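Before any comments, here is the structure.
No lab work stands behind these numbers, since they all come straight from the coordinates. If you're wondering where the values come from, they're calculated on a predicted model, not measured in any experiment. Here the Cβ positions follow ideal geometry from the backbone for every residue, glycine too, while neighbour counts run over all protein chains shown.
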Amino acid sequence: MNTTKERQETYYESIIKSGYSRRDFMKFSAFMAAYLGYETSAIGQIEHALKTTPRLPIIWEHFQECTCCSESFIRTDHPIAADIILDKVSLDYTATLMAASGHQAEAAKHETMEKYKGEYILCVEGSVPMGDDGVYCCIAGKTAEDQLRESAAGAKAIIAWGSCASNGCVQSAHPNPTTATPIHKIIKDKPIINVPGCPPIGEVMAGVVVHVVAFGRLPELDRQGRPKAFYAKRVHDSCYRRPYFDAGLFVEEFDDENAKKGYCLYKVGCKGPSTYNACGTMRWNGGVSYPIQSGHGCFGCSEDNFWDNGPIYERLTNVPGFGIEANADKIGMVATGAVAGAAVAHSIASTISKRKEMRERVVSGKDVEKRVE
């Protein structure tokens, strides 16, 4: 049997073949570098990697989910991310987008698994039902757990797309009748990147793939296995409504006058102060908007157990960054006091500075007089 592997196209070759120009390619490289938070010097490294690196074979599995992660990816702001990366993924295996089905689809997956053992990336969308021997999600006569373990065996690394695969999401909410389980609790011997969100942002998904391709390693991860480039800051930290929060100006009820003025949504349940994601900086639908900008509070969908962390429209009792006793009613007073305190401190500092300056002038004048004498 001929075991010689066919030469894999590089990403650059795929891009040019699909009708994009070198200018488009360079824009995409700069686009990815910016989203990954790298300096402009990294653009050249991303460009070189995409020019010389063979396209990574990717198998994309679907278990208990609503397919919103795939939907988000194909609606990414940059056409190359969707048309090239995802299109090439579909040539290997992704049940939602590939043309083949049934036995043909399974044959395509197993061919990739055998041909590129130890080289392919396994992407997983959805949680795995472990209850009742996995009868809730059977594919090609096998349970989701069997499918996952089989696909993961020869994978180089695993990317868990969305909150379902990363932390269980709504399927694992109490009482979790199917025993929905995230990927990292099943597969223990492979590096795993969790990319939570319901769904994650399309550009974030593209950025994770590009990072693995460009740098040949997983991105730096936080304690929950999420890429720090996209999950290092709270939604609250980049929220354009943050000044209202600091000033103690809140929406009390949806559609009240404060809501019409665009005040902070914290009191009507916004979980931005405890949610780590890039929604406020990258936004959705081509950077047009995100839930808070559309008038609805953050669900906290990129955090573990967000469905069981209290009612969605109930505010948090404590706010990170303001002390354990801090709450929305006190924050305004604290902020006002801080402003007043800062004004007094500034006044005192200015007075001291002026007195010091006058003393220096007097001393300087006396020195001049001595030199003249």
field: Estimated distance in nm for a label pair at residue 21 and residue 305, the labels positioned 7 Å out from Cα along Cα-to-Cβ
entry: 5.4
statement: Quick shape check on segment 102-232: root eigenvalues a ≥ b ≥ c of the Cα gyration tensor, a/c under 1.5 is rounded, otherwise prolate if a/b tops b/c, else oblate, and it reads oblate
message: Which residues among segment 174-207 fall inside the zone where the amide N is under 19 Å from a point 7 Å beyond the Cα of residue 156, along Cα→Cβ?
response: 189-195, 205-207
query: For segment 224-239, in order, what is each residue's ³J(HN,Hα) by Karplus, 6.51 cos²θ - 1.76 cosθ + 1.60 with θ = phi - 60°, in whole Hz (x at glycine and Pro)?
result: 9, x, 9, x, 5, 4, 10, 10, 8, 10, 6, 4, 4, 5, 10, 6
task: List, in the order given, every pair from 185/228; 185/267; 233/267; 117/142 whose Cα-Cα distance in the structure shown is over 24 Å.
output: 185/267
message: If I model a spin label as a point 7 Å beyond the Cα along the Cα-Cβ vector, how far apart are those points for residue 314 and residue 52 in nm?
response: 5.7
- prompt: Residues with beta-carbon under 15 Å from that of residue 220, excluding residue 220: net charge, scoring Lys, Arg +1 and Asp, Glu -1?
  reply: +4
- request: Convert each backbone phi in segment 159-170 into a coupling constant with the Karplus relation 6.51 cos²θ - 1.76 cosθ + 1.60 (shift: θ = phi - 60°), then list the ³J(HN,Hα) values in order as whole Hz, x for Gly and Pro.
  value: 10, 8, 7, x, 5, 4, 6, 7, 9, x, 6, 5
- request: Putting +1 on Lys and Arg Cβ atoms and -1 on Asp and Glu Cβ atoms, find which of 141, 175, 207 reaches farthest to the positive end of the dipole of segment 11-230.
  value: 207
- request: For segment 180-197, just list the computed ³J(HN,Hα) in residue order, Karplus coefficients 6.51, -1.76 and 1.60, θ = phi - 60°, integers in Hz, with x standing in for Gly and Pro.
  value: 4, 10, x, 4, 5, 8, 10, 9, 10, 10, 10, x, 10, 10, 8, 10, x, x
query: When the gyration tensor of segment 11-230 is built from Cα positions, what are the square roots of 5 times its three eigenvalues, in whole Å, from largest to smallest?
result: 29, 19, 15
